[in-house]
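Below: one structure, written as structure tokens.
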Amino acid sequence: MGRETAMGDGKRARDIKREVASELEKAVEFEKADLAETRQEWHDQLHNDGAQLAADVARDKEKVREALDDVRHPERLAEAAEEKLAQAAEDVREVAQAVEHPSEIVAEAKHVVAEKKAAFDETTATIAAEFTSPTDKKRLPAVLRVFGVLLIVGSGVALPGIGKAIYQAVTMFGSGAMSGEGVSTIVVTFLHLAVLVALAATFIVFGVRLLRNQRRWAALLSYGLYVLLILGGLCSIMLSGMSIDLVFYLIMLVLTIALQSYLDPTLLEERRAHRKAREAEEHKEGEDGTLGRDPTGKGYIALNFFNLFWIFVVASVLGLIMEEIVHFLFVAPGQWQDRAGLLFGPFSPIYGCGAVLMTVFLNRFHKSNWLVIFLVAAVIGGGFEALTSLFMQYAFGAVAWDYSNMPGSLFGGRTCLPFMACWGLLGVVWIKLLLPFMLRLVNFIPWNWRYVLTTVAACFMLVDAVMTLQSLDCWYMRLSHDPVDTPIQQFYDHEFGDTYMADRFQSMTIHPSDAVRGK
């Protein structure tokens, strides 16, 4: 028993020794670290002090050198003193002159003020000239003044209703009554209400300008009305499809276009004169081989309607061919798929719009580094692709592409980094190689046929686009089991049924639950 107790005491003693040794070792290590840290701080402080001392010595040496240099060249000090004395004397003379002849200072101040006022008046006259025209002296017909009154009254009556709709929407949103609606529905609803407010306010200003006979002001306001009416129509399509509400936007758009030229005939005369001069220039440019080039030299191609329209058409065709070949060779080898985007013709408008956007934004980059063009084109193409996908899905529940399973997927699969890189590559190829070829191709159209052929083709493309939207809307309604009862709906239901639409738009599927109006 005593032996075991002795052994236990020995073990505890050894444990205590080990703990003491461990603590001593830790204390030594801590002191070593603290000493090393102190040494480093001393070293850094000495280094900083040495650097500061060296800088002070260098600065003092420079001052001594300057002082010695001044001693060697006393004439410099005299010259500096003379300059200061001369400046002081000039200041004193000016003060004395001001005291003796204060009218001169007043006259000079008046002269400066008069010059500034004349410059301001000139600027004001220039701005006023931009917003007035000789036709402002001609009184508008009574029917247009009545139309202006109707716009003011109608918009004034509509504003409280729109305000009430906004209040109800905000109240419903705040109370959670809109929780059953999708985020997209809420966003588009509030955007549509904001557009309606802006439209009503613009119509009131437009009506006031008509009453005041300010033709050019009203004509210029019509450009803002174009944007608001188109945006309102798109929101209406997303919320209600191809409904009767679109008639309002269509009628007001037609009236605005018709009124713009009538309100200020000088605008129409300017366009006619410009067109005649342009026809003569085109004839000469066609003979010289420079037709369609940017006359300023800043960009490669002239950004006019003719060039941009035919770029849209040709790129729509070439883009469709390219996409179908890529799909046949790589996406689904051996399987041919019609990937057209319009109801009639071999057109894929997303490539046409993409080419137009590339041309507009990259025209001045035609001599730039290819990397700059690549990055700008990638952002433009990816953004446009995402917005187009968003509109098609929100308006019709249509999905024509989905990159959710692709690497670098963005915006819920509406675009992705690999395809943005493809857009960037297409932008480089387009600006550096295809745009010159495109310009030569467009210039094969005889200059005296240009306006007629372009007008006919533009009308066809417009009808094709409208019928495509209407057929998609009818397809959506059938899949949603909504009644198809209007004559237009029945026409599309009979002529472009589900089988036809599925065969025509083979890459597209419609899911009514994804649309804004389906929620």
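The values are calculated or read from the model by the stated rules, or taken from the named source; none is laboratory data. If you're wondering where the values come from, they're calculated on a predicted model, not measured in any experiment. All Cβ positions, even for glycine, are placed from backbone atoms using ideal geometry, and neighbour counts span all protein chains on display. With ligands, DNA and RNA removed, areas are computed over all heavy atoms of the protein, side chains included. Shrake-Rupley method; radii C 1.70, N 1.55, O 1.52, S 1.80 Å.
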Every pair of residues 6+ apart whose Cβ atoms lie under 8 Å, when the first sits in the range 396-409 and is more than 15 Å from Ser471 (Cα to Cα) while the second is among the acidic types (Asp, Glu) and surrounded by 12 or more Cβ atoms within 10 Å (Cβ to Cβ) = Val399/Asp514; Trp401/Glu385
Residues of the range 420-446 satisfying the condition of being touching a residue at least 60 places away in the same chain (Cβ under 8 Å), under 25 Å from Gly381 (Cα atoms) and in contact with a helix residue (DSSP H, G or I) (Cβ under 8 Å, 6 or more places away or on another chain) | Trp423, Leu426, Gly427, Trp430, Ile431, Lys432, Leu435, Met438, Leu439, Leu441, Val442
Of (1) over 21 Å from Ile380 (Cα atoms); (2) without any contact (Cβ under 8 Å) to a residue 12 or more places away in the chain; (3) open to solvent by less than 70 Å² (accessible area, probe 1.4 Å), Trp449 satisfies every one except (3)
Within the range 382-415, track down each residue that is at negative phi, in contact with a His (Cβ under 9 Å, 6 or more places away or on another chain) and not aliphatic (A, V, I, L, M).
-> Gln393
Conditions (1) out of contact with any strand residue (DSSP E or B) (no Cβ under 8 Å at 6 or more places or on another chain); (2) surrounded by 16 or more Cβ atoms within 10 Å (Cβ to Cβ); (3) closer than 19 Å to Cys353 by Cβ; (4) in contact (Cβ under 8 Å) with a residue 60 or more places away in the chain; number of the one not met by Ala457 = (2)
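Select from the range 396-421 the residues that are of a type in the set (Gly, Ala, Ser) and farther than 19 Å from Cys353 by Cα and list them in ascending order.
Within the range 396-421, Gly397, Ser404, Gly408, Ser409, Gly412, Gly413 qualify.
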Odd one out for Thr266, checked against (1) among the polar types (S, T, N, Q); (2) surrounded by 14 or more Cβ atoms within 10 Å (Cβ to Cβ); (3) modelled with pLDDT of 70 or more | (3)
Given the conditions (1) free of Cβ contacts under 8 Å to residues at least 24 places away in the same chain; (2) among the small types (Gly, Ala, Ser); (3) assigned to a helix (DSSP H, G or I), every one holds for Ala177 apart from (3)
Here is a list of conditions, (1) farther than 23 Å from Leu462 by Cα; (2) open to solvent by 30 Å² or more (accessible area, probe 1.4 Å); (3) free of Cβ contacts under 8 Å to residues at least 40 places away in the same chain, and Ala332 meets all of them except one; can you say which number that is?
-> (2)
Name the pairs whose Cβ atoms lie under 8 Å apart, with the first residue in the range 241-265 and over 19 Å from Leu220 (Cα atoms) and of a type outside the set (Phe, Trp, Tyr), the second open to solvent by 30 Å² or more (accessible area, probe 1.4 Å) and modelled with pLDDT under 75, and 6 or more positions between them or separate chains?
-> Gly241/Arg517
So Met508 fits all but one of (1) more than 20 Å from Asp402 (Cβ to Cβ); (2) open to solvent by less than 50 Å² (accessible area, probe 1.4 Å); what number is the exception?
-> (1)
Residues of the range 334-379 being under 21 Å from the mean Cα position of the chain (by Cα) and within 29 Å of Gly497 (Cβ to Cβ), which ones?
-> Pro349, Ile350, Tyr351, Gly352, Cys353
So which of Val317, Val313 is within 27 Å of the chain's Cα centre (by Cα), at pLDDT 80 or above, buried (at least 19 other Cβ atoms within 10 Å of the Cβ) and of a type outside the set (Phe, Trp, Tyr)?
-> Val313
